[in-house]
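Asker: What follows is a structure written as structure tokens; I'll ask about it next.
The values are calculated or read from the model by the stated rules, or taken from the named source; none is laboratory data. As the structure is a prediction and not an experimental result, all values here were calculated from the model. Glycine gets a Cβ as well: all are built from the backbone with ideal geometry, and neighbour counts include every protein chain shown.
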Amino acid sequence: LDKELDGMKVEFISSGNRVYRNYHPGLTAQRCDSQGCFLPKGALPLPHGQKLPNDWTPYCSQSEFKVTEFLFTHTQKCWPKKLTHY
């Protein structure tokens, strides 16, 4: 059963297959600038501004970044190279 509902494509397949899809017409993945204004099609993204040496965004501080980096690295080393089951 496919139908249009206020510009939204809705697809529903019986509960046996359990496939539900909603497509929103406003979610187009069109690029925009930091103010939300759409860029022309084919335009390259705008360059990021220069960050200050003490700007650890999205982290609050260098310490927070270092802890996160350590945990990520440690997790990567402990993770099996190849998963055989989930």
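Asker: Please find, within the range 29-56, the residue that is surrounded by the fewest Cβ atoms within 10 Å (Cβ to Cβ) out of those that are in contact with a strand residue (DSSP E or B) (Cβ under 9 Å, 6 or more places away or on another chain) and in a loop (DSSP other than H, G, I, E, B). Steps first, answer last, please.
Answerer: Keep residues of the range 29-56 that are in contact with a strand residue (DSSP E or B) (Cβ under 9 Å, 6 or more places away or on another chain), which gives 30-32, 38-39.
So of that shortlist, the ones also in a loop (DSSP other than H, G, I, E, B) come out as 30-31, 39.
Working: Gln30: 10, Arg31: 14, Leu39: 13.
This residue is Gln30.
Asker: Here's another thing I want to ask about it. Residues in the range 57-64: is at least one modelled with pLDDT under 85, assigned to a loop (DSSP other than H, G, I, E, B) and of a type in the set (S, T, N, Q)?
Answerer: no
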